[in-house]
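Student: Please read through the structure below; I'll follow up with questions.
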Amino acid sequence: MTLKKHEPDIAAIPAGELSLTRKSTPLGRVFLEGDLAAIQLPDVLSFIAMIRHSGRLVLRLRQLERTILWKEGEIAFATSNSKEHSLGEFLLANGKITEEQFAESKLRVTPTLRHGKVLVMMGALSPKDLWWGVKHQVLEIIYSLFTWKEGRFYFCELSEQTSQERITLSINTSSVIMEGIRRIDEVARIRERITGPEMVFARVPGIEPDMDEFDLSEQESRLIGQIDGVRTIRELIGLSGMTEFEVTRILFQLLSARVIEVVYQQPARSAVFLDVEDSPELIRVVTTYNLMFARLYEVLAGRVGQQQAREILGSLLQSSDTDELWNGVFFDEFGRFDENMLIANVSELSVDRRRTALDEGLNTLLSIELFEIAQHLDAATKVEVFRYISEQRATLE
């Protein structure tokens with residue numbers, strides 16, 4: 001494979017920011033790599049579409065990773081290591097399956113039986129809805145990349161696993177770029193007023209919207225008729241056949257034009273403020289321990305896989321004896337606990353108990369986690385992990 005005969009004029013790009021190369025790495029043979037801080041994502045996508053090659057575009061930002069599969073210059077598939085981009089989570093968020101179906105189907109997934117197929121076998125999802133879900137899940141993964149202002153990208157050869165992907169698409173790159181750029185500004189504005197999927201809207205009495213003014217499709221017009229003061233946003237998404245973003249964008253337009261009004265909104269959690277004299281120290285403790293928990297998760301996931309690692313950490317957290325400290329606290333996809341929730345729990349304690357309760361609770365859970373994780377590590381990795389934990393603890397003394 002060669003890029004020379006298709007290579008565009010990239011002389012204006014400073015040396016070191018983009019390299020056309022052939023080298024072997026854990027990613028496989030890398031043909032093109034660069035820095036997203038210097039080369040914008042739309043330019044990367046346009047370049048690969050132009051040279052019309054097949055391969056994998058791997059993009060990394062710290063612990064986040066996205067992979068876009070290309071076939072002859074067209075986007076065929078995409079994957080993400082973020083939990084919210086899994087097919088099951090996407091179908092749930094878009095009203096295609098219920099919480100009960102999601103929970104039951106997760107238990108049936110195996111290394112050889114994918115989540116989508118499980119849902120179809122259960123009768124929870126039609127083959128048509130599965131295809132819809134896969135296509136729009138891929139698009140959402142790609143659109144999420146347009147907010148990245150830094151990171152590295154690598155265009156690599158196809159691996160055997162990705163080349164045998166069961167469901168492949170054919171997505172026009174130009175339309176993806178245009179939509180991705182348009183969404184950047186829209187998402188922030190929409191989230192200011194559309195705050196959650198359980199919100200309920202009703203039509204404002206006496207107001208009939210001018211459909212020509214909103215330039216709505218037939219599908220979008222039907223959505224207005226389904227707003228009844230009872231259905232949640234999640235339910236409207238499930239009925240509409242559109243994605244979460246498409247529905248919330250229309251609701252935002254209608255809300256801004258005062259065609260609809262909010263009748264139910266989940267109460268926002270108020271911010272938590274610790275006393276001035278102890279907040280900096282307690283926050284330092286919490287943040288330092290979170291670095292340790294994240295490191296332990298990274299090591300464990302490398303040994304047993306991300307799914308099993310999350311299950312192990314989740315069970316340890318649930319079995320913790322310090323209920324008052326860990327009540328309502330969960331680990332995220334990187335093995336870190338929710339610092340805001342933990343601090344909220346600490347703030348409920350009297351000032352003289354806070355530091356002691358925090359130290360005891362964090363140390364107890366860390367010790368339990370270390371014991372569990374050590375069973376999956378070799379001797380050299382154990383030494384490395386314990387040295388890291390010791391160094392972090394020493395900064396708190």
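Student: Do the conditions hold for V58, that is, is it at pLDDT 85 or above and β-branched (V, I, T)?
Tutor: Details: at pLDDT 85 or above: yes; β-branched (V, I, T): yes.
Yes: the conditions hold for V58.
Student: Looking at L296, L291, L325, L254, which one is touching a strand residue (DSSP E or B) at 6+ places or on another chain (Cβ under 7 Å) and either at pLDDT 70 or above or outside any loop (DSSP other than H, G, I, E, B) (or both)?
Tutor: Result of the check over L296, L291, L325, L254: L254.
Student: Would you say G206 is under 22 Å from the mean Cα position of the chain (by Cα), outside any helix (DSSP H, G or I) and surrounded by fewer than 17 Cβ atoms within 10 Å (Cβ to Cβ)? Steps first, please.
Tutor: Numbers: under 22 Å from the mean Cα position of the chain (by Cα): no; outside any helix (DSSP H, G or I): yes; surrounded by fewer than 17 Cβ atoms within 10 Å (Cβ to Cβ): yes.
No.
Student: Confirm whether Q161 is in a helix (DSSP H, G or I), modelled with pLDDT under 80 and either crowded, with 17+ Cβ neighbours inside 10 Å or out of contact with any strand residue (DSSP E or B) (no Cβ under 6 Å at 6 or more places or on another chain) (or both).
Tutor: The answer is yes for Q161.
Student: Filter the stretch 126-144 for residues that are free of Cβ contacts under 8 Å to residues at least 12 places away in the same chain and of a type outside the set (K, R); which is nearest to L69 (Cα to Cα)?
Tutor: Ranking the candidates gives P127 first.
Student: Are any of the residues in the stretch 2-23 at pLDDT 85 or above and surrounded by fewer than 17 Cβ atoms within 10 Å (Cβ to Cβ)? I'd like the intermediate steps shown before the answer.
Tutor: Narrowing the stretch 2-23 to residues at pLDDT 85 or above: none.
No, that holds for no residue.
Student: Find the residue count for the stretch 333-374, including only residues that are free of Cβ contacts under 8 Å to residues at least 40 places away in the same chain and in contact with a Phe, Trp or Tyr (Cβ under 7 Å, 6 or more places away or on another chain).
Tutor: 1
Student: So V383 clears everything in (1) β-branched (V, I, T); (2) modelled with pLDDT of 85 or more; (3) surrounded by 15 or more Cβ atoms within 10 Å (Cβ to Cβ) except one condition, right? Which one?
Tutor: Here V383 meets the rest and fails (3).
Student: Next question, about the same structure. Which one is modelled with the lowest pLDDT, of the residues in the stretch 215-227 that are surrounded by fewer than 17 Cβ atoms within 10 Å (Cβ to Cβ) and either assigned to a strand (DSSP E or B) or out of contact with any Phe, Trp or Tyr (no Cβ under 9 Å at 6 or more places or on another chain) (or both)? Give the derivation first.
Tutor: Quick first cut of the stretch 215-227, residues surrounded by fewer than 17 Cβ atoms within 10 Å (Cβ to Cβ) only: 215, 217-219, 221-222, 225-226.
Narrowing the set further to residues that are either assigned to a strand (DSSP E or B) or out of contact with any Phe, Trp or Tyr (no Cβ under 9 Å at 6 or more places or on another chain) (or both) leaves 215, 217-219, 222, 225-226.
Values: D215: 68, S217: 72, E218: 76, Q219: 75, R222: 84, G225: 85, Q226: 89.
This residue is D215.
Student: So how many residues does the stretch 99-146 have that are β-branched (V, I, T) and at pLDDT 85 or above?
Tutor: The initial filter retains those residues of the stretch 99-146 that are β-branched (V, I, T), namely 109-110, 112, 118, 120, 134, 138, 141-142.
With at pLDDT 85 or above added as a condition, the list becomes 118, 120, 134, 138, 141-142.
Qualifying residue count, the stretch 99-146: 6.
Student: Can you pull out every residue in the stretch 99-138 that is open to solvent by 60 Å² or more (accessible area, probe 1.4 Å) and more than 15 Å from Q307 (Cβ to Cβ)?
Tutor: Those that are open to solvent by 60 Å² or more (accessible area, probe 1.4 Å) and more than 15 Å from Q307 (Cβ to Cβ): E99, E100, E104, K117, M121, G123, P127, K128, W131, K135.
Student: Looking at the structure I just gave you, is L377 in contact (Cβ under 8 Å) with a residue 24 or more places away in the chain and either hydroxyl-bearing (S, T, Y) or surrounded by 15 or more Cβ atoms within 10 Å (Cβ to Cβ) (or both)?
Tutor: Working: in contact (Cβ under 8 Å) with a residue 24 or more places away in the chain: yes; either hydroxyl-bearing (S, T, Y) or surrounded by 15 or more Cβ atoms within 10 Å (Cβ to Cβ) (or both): yes.
Yes: the conditions hold for L377.
One line per residue, one yes/no per condition, for (1) touching a residue at least 24 places away in the same chain (Cβ under 8 Å); (2) charged (D, E, K, R):
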residue: E72; (1), (2): no, yes
residue: T79; (1), (2): yes, no
residue: E84; (1), (2): no, yes
residue: G95; (1), (2): yes, no
residue: T112; (1), (2): no, no
residue: H115; (1), (2): yes, no
residue: A124; (1), (2): yes, no
residue: F146; (1), (2): yes, no
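Student: Within the bounds of the stretch 171-182, is there any residue that is open to solvent by less than 30 Å² (accessible area, probe 1.4 Å), at pLDDT below 85, within 30 Å of T112 (Cβ to Cβ) and assigned to a loop (DSSP other than H, G, I, E, B)?
Tutor: Among the residues of the stretch 171-182, not one is open to solvent by less than 30 Å² (accessible area, probe 1.4 Å), at pLDDT below 85, within 30 Å of T112 (Cβ to Cβ) and assigned to a loop (DSSP other than H, G, I, E, B), which makes the answer no.
Student: I need a count of the residues in the stretch 43-71 that are part of a helix (DSSP H, G or I) and open to solvent by less than 60 Å² (accessible area, probe 1.4 Å). Working first, answer last.
Tutor: First, the residues of the stretch 43-71 that are part of a helix (DSSP H, G or I): 43-51.
Retained after the next criterion (residues that are open to solvent by less than 60 Å² (accessible area, probe 1.4 Å)): 44-49, 51.
Residues flagged as part of a helix (DSSP H, G or I) and open to solvent by less than 60 Å² (accessible area, probe 1.4 Å) within the stretch 43-71 amount to 7.
Student: A further question on this structure: If L313 passes every condition in (1) farther than 17 Å from L370 by Cβ; (2) at pLDDT below 80; (3) touching a Leu at 6+ places or on another chain (Cβ under 8 Å) but one, which one does it miss?
Tutor: (1)
The values are calculated or read from the model by the stated rules, or taken from the named source; none is laboratory data. Note that the structure is a prediction, hence the values are computed from the model and not measured. For neighbour counting, all protein chains shown are included, and Cβ atoms are generated from backbone atoms with ideal geometry for every residue, glycine included. Side chains included, ligands, DNA and RNA excluded: accessible areas come from the protein's heavy atoms. Shrake-Rupley method; radii C 1.70, N 1.55, O 1.52, S 1.80 Å.
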